[in-house]
Amino acid sequence: MIGLGDLRQPGTGLFKHREWRGINDTLYDYWRWLINWKDLNVFIAKAPVKTIKSIFRYRWMTSYLATHAFIDRSTSGLRGTSLRVAHLHYNMIVKHLTYLLHVSFTEDSKVVLLDELIPPQIIGGFPNLIPVPAQAAPIFVASMVDQQLPPHYIDVIEYYGVPSDVCPLPACEAGIAIEDDYPKIGKCMITTNMPCDGSIMTSAYQDRRFQLPTFPLNIPLRYDEDWTEDFTIKELEDCIAFIEEHTGEKFDLDAFKETCESYNQQTKYELEKWEINKTKYPQVTGANIWLYRLYYFQGAAGTDKRFIEVDKKVSKLIARAYQNKEKNTKDLRYRAVIWSCPANYYTDFPLWLENCWGISGLIDMETVSSTEIIDTSSKKSMLAGLAKTYQRATMRKHTNGGYKHALDELWEKVEEFNVDLVVMYDQISCKAMDGLHAIFEEQAKDRDIKMIWVEQDLMDYRTTSRQAMRDQVNKYMFTVMQATPLDESLLEFDDSNSW
C-alpha cells in the first residue's frame, strides 16, 4: 500500500504529484488549488509593477511563492468535511494576507501599524484607517510557509551582537529591521509589552527602522488583579487619543461597536468547534484549528467580515458532519491536547501526528486565547471587554499572569476534551515555559497523564529539524505506548531542504 510518505521526493520531502483522495475529494482539492491561484493572481494584477518590485526588494516576499506547497502540506491526508473546512480556512488566510500585502505596497496615509501581537479591534473604531500588523507578513506568516527564511534574519541580528539565546521570533523581527526589510508605511505605530522581554526589546530596532510616532500600549502582566482592567482601559483611551492626533481621524463609536459584535460572532463560532471536538466525533483538529484561529484572532478580529462568511460555512459543515457521525481522521486512536508554543517552521506537525500515529490534536495552547464576549452596550463596557481580550491574547494568556495559567488550564482542557495524551512542545528558547518543565512532568505523573515532549526552536529548524521532532514522537510511541504507526512511510523522510 502506498503511504503519504511515498508521495515525497527523496532529499527534499516535496510532493512528487498531487495526492489521490478519491474522485470527489481530489476534484475538490484541485478546485481549491485553482481558487488560491486565482486569488494570488488577482493580488498581483491590482498593482503588478509594485508587487513584482517587492519580490526583488524584500527577501521574505519570495517565500510566498511556496504558498501552494504550504497549503498542500497542511491538507495532506484530509478527506470529506475536514478537507473542505481546511481549504475554506486557508483560502481566507490567503485572501486577507494578500490584502495586507497590497496595502503595504500601495497605501500609506490610511495605515496604522500595529505590533502583530495586538489584535486590531481598536482600529475598528476608525473606519477610514487600515490596521496592518507590522511583522505578520514579513516574518510570522512567511516563516510558516518557508522554513528556510528565518535563519538568515537570526544570523543577521546575532552578528549584530544580540545573544543567541533570545527567542527566535523577536530575534527575526529585529533582524528584519537591521536588514531594512520592513515596508516603511503608516501614519503612526502602536507597540506593546506583549508577550515577553525579547519582544519588548526588539521594538527598539523596529522604531529605528520605521521612525514613526509610536504609542507603547502597556498591558499588565498580572492580569487577574482587579486594578488591571481600569489601567488597561486608560491605556486604550490614551491610545485612541494618540491615533486621533496623528491621523486626523475621529473615533467612531458605532463602527467600533460593529467591529466588536463581529468579533463576538467569530468567538461564538470558535467555541462551537471546541464543543464538537469534546465529543466522539471531533471535526476541526490538528493544524487546521490552530492556524486559522491564530491568524484571525491576531490579524482580523472583527475588522474583516469575510471571515464571518467563512465561519458560517464551516459551522454548517461541521454540524452536519457531527450529526452524521463523520470521522475527521482515518483512525482516531488517541485524543490529545497540544500545549506550549508550536514551531513556526513545522506548522503541519499536528497533521503528521494524525496521519502517522492517529494522534488527533483536539485543542492547543495557541487556540485557547481569549474567548471574552465583549459587552457592546456602552463605550466603557466595550473598552473593558477589549482590555480583557488584549490581556489574554495569543502567546500572552498562558505565559503571563502567573504560572497557573499555563499549568492549571492545561489540566482543565485535558479533562474537558477527555484526552489520552498531552503533546508538549519544548520551545527551548522560551524561558517562561522552560522554567515550568519539571512542574509539568510532576503534575502529569500525579494525574497519570501520558506526556510526549517535543523539542523545537520556534523559528530555527537548524537547532531541531522537522525529522528530529518526528523522531521524538516515534521513539515515545514505540517504546512507551508500544504502538504501531498508521502509516509507516511517514516515520522518516528528509524534508530539511524543502520550504
Neighbour-count order for W352, W357, W227, fewest beta carbons within 10 angstrom listed first: W227, W352, W357
Positive-end residue of F15, L114, S82, charge dipole of the range 12-114 with Cβ unit charges: F15
Whole-Å distance, taken between Cα centres, linking the range 423-472 and the range 175-205: 28
At R0 = 25 Å, FRET efficiency that the Cβ-Cβ distance of F251 and K305 yields, to 0.05: 0.80
Computed FRET value (nearest 0.05) for H68 with T479, which takes r as the C-beta separation and R₀ as 35 Å: 0.40
Highest to lowest packing among 211-220, 149-158, scored as the average C-beta count within 10 Å: 149-158, 211-220
Average silhouette area of the chain, convex hull of alpha-carbon atoms, in square nanometres: 22.0
Which of D146, D408 has the fewest Cβ neighbours within 10 Å, and the rest in rising order: D408, D146
Computed magnitude of the charge dipole of the chain (debye, nearest 20; Cβ of K, R +1, Cβ of D, E -1): 1800
Reachable aspartates and glutamates, given that their alpha-carbon falls under 12 Å from the alpha-carbon of K388 and they are not under 8 places away in the same chain: D224, E225, D226, E229, D230, E372, D375
Selection of GluC sites (Glu not before Pro), the range 321-429, meeting DSSP coil and at most 16 other Cβ within 10 Å: E326
Two-decimal log10 I(q)/I(0) for the range 230-322, as the Debye equation yields it once each C-alpha is a single scatterer, q = 0.24 Å⁻¹: -1.24
Rounded Å value of the spacing that divides the Cα centres of the range 248-310 and the range 331-381: 14
24 Å Cα-Cα reach of K46 towards lysines, excluding residues that sit fewer than 8 places from it in its own chain: K38, K95, K110, K184, K187, K305
Sequence of T67, T62, T51 once ranked by neighbouring C-beta atoms within 10 Å, starting from the fewest: T62, T51, T67
Fully extended contour minus Cα-Cα distance, from E261 to W31, at 0.36 nm per residue: 79.5 nm
FRET efficiency, S109 to D446 (Cβ-Cβ, R0 51 Å, nearest 0.05): 0.30
Extended-chain gain in nm, criterion 0.36 nm per residue less alpha-carbon gap, E19 and D207: 63.1 nm
Of the DSSP H helices in the chain, those whose Cα atoms cover at least 30 Å axially and whose Kyte score averages -0.5 or more: 23-46, 80-106
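Readers should treat all values here as calculations from the given coordinates under stated rules, not as data from a laboratory. Predicted model, so just to flag it, every value in this text is computed and none were measured. Note that we place each Cβ from the backbone using ideal geometry, even for glycine, and neighbour counts take in every protein chain shown.
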